[in-house]
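Encoded as structure tokens, the structure appears first; notes follow it.
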Amino acid sequence: MCGIMGYVGARDITKVILDGLAKHEYRGYDSAGIAVVKDREIHELRTTGRVSQLAKKVAEEHFTGEFGIGHTRWATHGGVSEMNAHPHVSSDNRVVLVHNGIIENAREIRADLEAHGIKFHSETDTESAVQYLGYVYEGDPKAAIVKLTKRVRGAFALVIMFYDRPNEIWVARKGSPLVVGRADGEGFCASDPTALLEYTRDVWFMDDDEMAKITKEGCIFYDFHGDAHEKKSMHLDWDAAMATRGSYPHFMLKEIHEQPDVVAHTLLGRVADGAVDLSKELDWSEAKIKGWKKIHFVACGTSHYATVTAARIMETLGDFEIRTEVASEYRYRNIPIDKDTLAIFVSQSGETADTLHAARLAKSRGAECLVITNVRGSTIHREVGNAIITPAGPEVGVAATKTFTAQITALVLLGLYLAKMRGELDKDTEHRLVTALMDIPGKLASVLDKEKDIEMLARDFADARGFFFIGRGLAYPPALEGALKLKEISYLHAEAYPAGEMKHGPIALLDKELPVVALVPKNGLWEKTVSNIEESMARKSPIIAVATEGDDEIANYTDHIIFTPETEPELFPFIGVVPLQLFAYYIARQRGCDIDMPRNLAKSVTVE
Ligand code: M6R
């Protein structure tokens, strides 16, 4: 969490940094700050609130300098205040830095330094790093940073400037993402590569235990002993326009609308003539695939719900022994993980600390690991190696939407491919599902055509006390994701339950102020779900049904119906989730919430 930007070059320094910070705001937005060096003096400006407030201050004070760094914060240690906002400067005014991560032994370092008479000015863990650097700095930045890396414990992406090192920005990484970019006569660093797309697409993703010096002339990379090494750059295949809102009022709405294209792109090159082929990406022999006895899906949040969806679909395809685990739990339980395990990690950002640590654990136990991620070159991608990259393009809205549909597309393909390689998938099923998958983009477009109706529905229900989402079988995973979307962006309590489970407790909560969103596709579980709808109606809960076009009977139970196109039963989650994303979006809009940057959340969660 937190977003970092650094720039050295001939452009307008504050503009590059402020524009870059604005692109990082989804990572944290409680306070922001900027620091520059000018005539061997460090100057910094900080404010609580958004980057726009910082920009106002920068303009008012004609703040500028020769090169600089900036930060947008998601508070961990120390409350939201100007004093705790980054950048932090050493008491002797010789060093300034911004930080993403957590310094775990900050208290201890602080106590030591205070005993040496150094005065601290904030409550943050970060300040311990800058004060330590100020304490050990003797004119050699590399030597000072090497000492710092030996002194601090925890996770950090640090961007540092020294008052007497003109046009030099130093970075160091352990555990928190950081990317370095270079163009002719200029150098950049950022937490998120999308902030650099306007200037360069040639970047280096920093590895753990790596530091670098960025100057106008180029970048030099070092390990934490201070030894230099060569590092290969990577060319990004995203472009700057992909990370703009276009004419949409919010990124989330734009991203919801991109889903038909995203599914089509995810299928591209992976299916042909009714068959799936992932052999270009996955270098696994039939024997190897047959050798895995267990499949572990590990992820967080929406990515976890994508894996819950995948597991339910895969159960229908072959004889898999599957577990779906939340990454933060996977590490700390006694789950058997060994060489018979295929461990699949799903992460939009590829930077989620919980997922990354879980992947390291599985790797260390000898499991074969695979990652499904939207960010090529992200930390998880680099560490795990085997990957399916979802081509959803940058997702900026904090609430994941298009990456969920991209993930489930990739996961269904993976399930089909694994079942086929194990000899468990019959040709008809493969053909039927691949053909149906290819129809999904068109069907999603027709769900999106219902936007106005969903907006009206959201208006009617925006004052509800909360919501239950229910579904059975393959209608349950989209219910989970629908409830998460609503919670995240409208701050209403929303819970998803397998429809049949309501009577075992949650039904006690139902009354006329607690609507139930029922996912009730026309399939073998329709009647059972309708019985659960009736149970809810008997408790006076208003019902919103997501039903299949042509299902005339559903009108006997409610007037609030979102009709969705029919698809193969296994693929209902694609069709079921999109109306719920729109419903959450319009409820949040009706309630005046900050949709793209919901309170307390950050897009990429790089702390455990
Ligand atoms: O980048 P990841 O997919 O690893 O992120 C996992 C979760 O933090 C993420 O899905 C989160 O739940 C989103 N805010 C959901 O909208």
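The values are calculated or read from the model by the stated rules, or taken from the named source; none is laboratory data. Keep in mind that what you see is a predicted model, and the values were worked out from it rather than measured. Note that we place each Cβ from the backbone using ideal geometry, even for glycine, and neighbour counts take in every protein chain shown. Keep in mind that these areas ignore ligands, DNA and RNA; they rest on the heavy atoms of the full protein, side chains included. Shrake-Rupley method; radii C 1.70, N 1.55, O 1.52, S 1.80 Å.
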Quiz item: Quick one: which of Thr302, Thr307, Thr324 is among the β-branched types (Val, Ile, Thr), closer than 20 Å to Ala406 by Cβ and either assigned to a strand (DSSP E or B) or open to solvent by 60 Å² or more (accessible area, probe 1.4 Å) (or both)?
Solution: Thr324
Quiz item: Could you say which residue among Ala462, Ala499, Ala494, Ala458 is in contact (Cβ under 8 Å) with a residue 24 or more places away in the chain, open to solvent by less than 30 Å² (accessible area, probe 1.4 Å) and within 16 Å of the ligand (Cβ to nearest atom)?
Solution: Ala494
Quiz item: Scanning the range 124-141 for residues that are buried (at least 16 other Cβ atoms within 10 Å of the Cβ) and of a type in the set (D, E, K, R), which turns out modelled with the highest pLDDT?
Solution: Glu127
Self-check item: Scan of the range 341-386 for residues that are more than 11 Å from the ligand (Cβ to nearest atom), more than 14 Å from Phe297 (Cα to Cα) and assigned to a loop (DSSP other than H, G, I, E, B), ordered by number
Solution: Arg365, Gly366, Arg376, Gly377, Gly385, Asn386
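Which residue out of Asp354, Asp338 is more than 26 Å from Leu601 (Cβ to Cβ) and either in contact (Cβ under 8 Å) with a residue 12 or more places away in the chain or within 20 Å of the chain's Cα centre (by Cα) (or both)?
Asp338
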Quiz item: Hey, among Lys443, Lys512, Lys503, Lys420, which residue is part of a helix (DSSP H, G or I) and modelled with pLDDT under 95?
Solution: Lys503
Quiz prompt | Hits in the range 286-299 (condition: assigned to a strand (DSSP E or B) and open to solvent by 10 Å² or more (accessible area, probe 1.4 Å)) | solution = Lys294
Self-check item: Residue in the range 327-339 that is farthest from the ligand (Cβ to nearest atom), counting only those that are hydroxyl-bearing (Ser, Thr, Tyr) and open to solvent by 20 Å² or more (accessible area, probe 1.4 Å)
Solution: Tyr332
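Filter the range 576-601 down to the residues that are assigned to a loop (DSSP other than H, G, I, E, B) and open to solvent by 10 Å² or more (accessible area, probe 1.4 Å) and list them by number. Spell out how you get there, then give the answer.
The first filter runs over the range 576-601 and keeps only residues assigned to a loop (DSSP other than H, G, I, E, B), leaving 591-601.
If the condition is that a residue be assigned to a loop (DSSP other than H, G, I, E, B) and open to solvent by 10 Å² or more (accessible area, probe 1.4 Å), then Arg591, Gly592, Cys593, Asp594, Asp596, Met597, Arg599, Asn600, Leu601 are the ones that fit.
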Exercise. Test His99 against the stated conditions and say whether it is farther than 18 Å from Ile145 by Cα and not small (Gly, Ala, Ser).
Key: no
Exercise. Kindly list, by first and then second residue, each pair from a residue in the range 440-455 that is within 23 Å of Leu413 (Cα to Cα) to a residue that is polar (S, T, N, Q) and in a helix (DSSP H, G or I), limited to pairs with Cβ atoms under 7 Å and residues at least 6 apart or on different chains.
Key: Leu444/Gln259
Quiz item: Counting just the residues of the range 310-321 that are in contact with a strand residue (DSSP E or B) (Cβ under 8 Å, 6 or more places away or on another chain) and in a loop (DSSP other than H, G, I, E, B), which one comes out modelled with the highest pLDDT?
Solution: Glu321
Quiz item: What tally of residues in the range 465-491 results from selecting those that are farther than 15 Å from Val520 by Cβ, out of contact with any strand residue (DSSP E or B) (no Cβ under 7 Å at 6 or more places or on another chain) and more than 16 Å from the ligand (Cβ to nearest atom)?
Solution: 1
Practice problem: Give me a count of the residues in the range 27-51 that are surrounded by 24 or more Cβ atoms within 10 Å (Cβ to Cβ), outside any loop (DSSP other than H, G, I, E, B) and among the hydroxyl-bearing types (Ser, Thr, Tyr). | Solution: 1
Exercise. For the range 185-193, indicate whether the set of residues that are free of Cβ contacts under 8 Å to residues at least 40 places away in the same chain and assigned to a strand (DSSP E or B) is non-empty.
Key: no
Practice problem: Please go through the range 4-22 and pick out each residue that is of a type in the set (D, E, K, R) and either closer than 15 Å to Thr72 by Cβ or crowded, with 24+ Cβ neighbours inside 10 Å (or both). | Solution: Asp19
